[in-house]
Structure formats: structure tokens, C-alpha cells
Amino acid sequence: MNVKSSRRDFLVGAGVAAGFTAGMGLALPRGVFGASSASLEAIDPSVEIGAFADEPSGKAVDPDAALKKLMEGNARFVKGQVKAGGRRPEDFKLLAKAQYPEAIIVSCSDSRVAPEILFDTGVGDIFVIRVAGNVVYGSGVMVKGSIEYGVAELNVPLIVVLGHSACGAVKAAMAHLHDKDSLPGAINGLVELVKPAVTQSAGMPGDPLDNAIKKNVEIGVGRLKGLEPIVGPKVKAGKVKVVGGVYDLATGAVTLV
């Protein structure tokens, strides 16, 4: 049995379970998110991307540069000037062997929040992990392991915890903060993970829901900055940056928090 292949198969399965909308495919190096794929000859073979990658990686990307690209893409989206391509079936043939995303997005699974669209990126440009309430703290091995995979094996330099306006998970946490009733199934456990954001933001000036949404993002960012043994040390070394943002459903704009 090929141990290397088995390990990859396991992680692919784990990725599907965690909701990787980026998939486990190849994104050839891009100078700008959404630009056309570069040729394999442009790839820098000196950059290691992980223990079981089949192809050499693209050139290393600075975390601040990756963030700048994301925000520029969101600005285009807000203005209705999107330019990301690579959405035809034939374009996906280039994405079969490996991937080189430049950012990890931990977003809510809300159907109105689509990171690839709102950041105007091409397929393979961002590594997306979606979970209701964009929960990081207490989210377990599937979410945190997925983030660590992106950092350790794909050398992704940027992590964005992305909340959004009118978040249903935060609304539920506020509505049931002091209730002794239990929500059905696993929904109750999920809402319990969001409640700390409600209690920590209580009494702050402004809209209580907006405050709790922002605090929920900040809690996730703080957790990742200190997450051992992979993410935290890379943050301290300046190799990985973790930021938070809130997406406005009405305007399409992402505001960093």
C-alpha cells in the first residue's frame, strides 16, 4: 500500500467532511487573485509546500500582500467590476494535481456568504472552511485541523475569520442566552459555542447584534493566533497573519475588525 497516497486520501476525505469549498485541487501561481493561470515553468521549485505535494509550489506570498489582494477583490465586487475567470469546465483541467491557495477563509456556512465571489477570486485562490457561526473556539478537530492543514501543508500565509451581518447563529445565541430550554439536535451545542461572544460584548455601545458578531470574530482570531502546535508559532514568527472581518450582506463590503 502506498502510505503517501493513503495519507492524502484520508485528508481529502476529512476536507470534504469539514466543508472545503476550495476542494483539493491545483491552483497555479497567480500574480493577482482571479488572473489567468501561469505556466508550470513559472513555478519556483525551491519552495516546499508540504510532505505529500506532487508538484513544486508557486512563489511564496507575503501575508500583507495576500490580504491586500483580497480587499482589492472585495472592492471590485462592491463596485460590480468583478474580473475573476477560470469558471469554464476546461479551466478545471489545470487544477487536478495540487493547489497553491494564498489565503484561508473561515466563514459562516450561510448561503448568502460566498467567499470566492465576494473576494472576486478564481478557483483555487482561497482555501475555504465554512461552519455555521464561523466558529473557531471549541470547534473541534475538523475545523482546526483543516486550518492547520492549510498552514502546514499548503504554506498559506493568511487566515481570515469572516463573520457577517445578521448572523443567524449569533441571533440564536442572543435569544437563548439565559433560556434553560435546549435547541434540537446538535444546534444547541453550536449555539453554546457562540454565547461567549454575546456575554463579552454585552453593554458595549452600539447595536448588540453587530457587537456580538464582531466579538465572535475577534474570539476566533485570538484563538488561532495562539493555536499550538502549528498556527501560533508561525504567527509569532511572522510567517502567518490572522485577521478578522465582517461581511455586510446589504452592501457586499468586508470590514476588517
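Brief remarks follow.
- Apart from one condition, ASP207 fits all of (1) closer than 15 Å to VAL106 by Cβ; (2) at pLDDT 95 or above; the exception is (1).
- Count - residues of the stretch 140-168 that are farther than 28 Å from LYS93 by Cα, of a type outside the set (Val, Ile, Thr), over 14 Å from the mean Cα position of the chain (by Cα) and surrounded by fewer than 24 Cβ atoms within 10 Å (Cβ to Cβ): 4
- Within the option set PRO208, PRO229, PRO233, PRO157, being of a type outside the set (Gly, Ala, Ser) and over 30 Å from ASP64 (Cα atoms) holds for one residue only, PRO208.
- When the stretch 219-233 is filtered for residues that are farther than 17 Å from LEU154 by Cβ and either basic (Lys, Arg) or part of a helix (DSSP H, G or I) (or both), the ones remaining, listed by number, are ILE219, GLY220, VAL221, GLY222, ARG223, LYS225, GLY232.
- Residue list for the stretch 176-191, restricted to those being crowded, with 18+ Cβ neighbours inside 10 Å and outside any loop (DSSP other than H, G, I, E, B): LEU190, VAL191
- Every residue from the stretch 92-121 that is out of contact with any Leu (no Cβ under 8 Å at 6 or more places or on another chain) and modelled with pLDDT of 95 or more: SER109, ASP110, SER111, ALA114, GLU116, ILE117, LEU118, ASP120
- Some residue of the stretch 113-121 being under 18 Å from GLY252 (Cα atoms) and without any contact (Cβ under 8 Å) to a residue 60 or more places away in the chain: yes
- Top-ranked residue of the stretch 206-220 - restricted to ones that are crowded, with 19+ Cβ neighbours inside 10 Å and touching a residue at least 12 places away in the same chain (Cβ under 8 Å), ranked as farthest from the chain's Cα centre (by Cα): ALA212
- Residues satisfying the stated conditions in the stretch 90-122, i.e. part of a loop (DSSP other than H, G, I, E, B) and small (Gly, Ala, Ser): ALA96, ALA98, SER109, SER111, ALA114, GLY122
- The residue list VAL198, VAL194 contains one member that is in contact with a Leu (Cβ under 8 Å, 6 or more places away or on another chain) and outside any loop (DSSP other than H, G, I, E, B), which is VAL198.
- Within the stretch 174-191, the set of residues being among the small types (Gly, Ala, Ser) and either within 14 Å of SER109 (Cβ to Cβ) or modelled with pLDDT of 95 or more (or both) comprises just one member, ALA186.
- Of the candidates THR255, THR251, the single residue that is under 16 Å from the mean Cα position of the chain (by Cα) and farther than 20 Å from TYR137 by Cα is THR255.
- Among residues of the stretch 152-175, those that are in a helix (DSSP H, G or I), farther than 15 Å from VAL235 by Cα and in contact (Cβ under 8 Å) with a residue 60 or more places away in the chain, counted: 1
The values are calculated or read from the model by the stated rules, or taken from the named source; none is laboratory data. Remember, it's a predicted structure, so these values are computed and weren't measured experimentally. Reconstructed Cβ throughout: ideal geometry from the backbone, glycine too, with neighbour counts over all protein chains shown.
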